[in-house]
Amino acid sequence: MNEIVYTIPEVAQFLKISKSKVYYLVKRNEIPHIRIQRNVRILHSDLAKWLQLKRSEEPSQMILAIDRALDLAKK
């Protein structure tokens, strides 16, 4: 397998969101990921598919989900 594998900070930088937001998405299983012991990794192909899926969602649902996630991440 010759695929790009991202860490949480790399995904956060790529998506232009905080690392805590990415960790939150992982915790809620909202973003595809794999665990290698305690380490979280995200495959490029999974991230691309997830982004494509998110683009097809209704914008209002996506905005509500992001707002809700940000509120919970602040707690």
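Each value in this text was obtained by applying a stated rule to the coordinates, not by laboratory testing. Quick caveat, the model's predicted, so the values are computed rather than measured. Note that we place each Cβ from the backbone using ideal geometry, even for glycine, and neighbour counts take in every protein chain shown.
Numerical summary
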read-out: Where a residue in the range 1-25 is touching a residue at least 24 places away in the same chain (Cβ under 8 Å) and its partner, wherever it lies, is of a type in the set (V, I, T), with Cβ under 6 Å and at least six apart; value: Y6/I42; I8/V22; I8/V40; V11/V22; V11/I42; L25/I31
read-out: Output for the range 1-41, where each listed residue is in a helix (DSSP H, G or I) and among the hydroxyl-bearing types (S, T, Y); value: S20, Y23, Y24
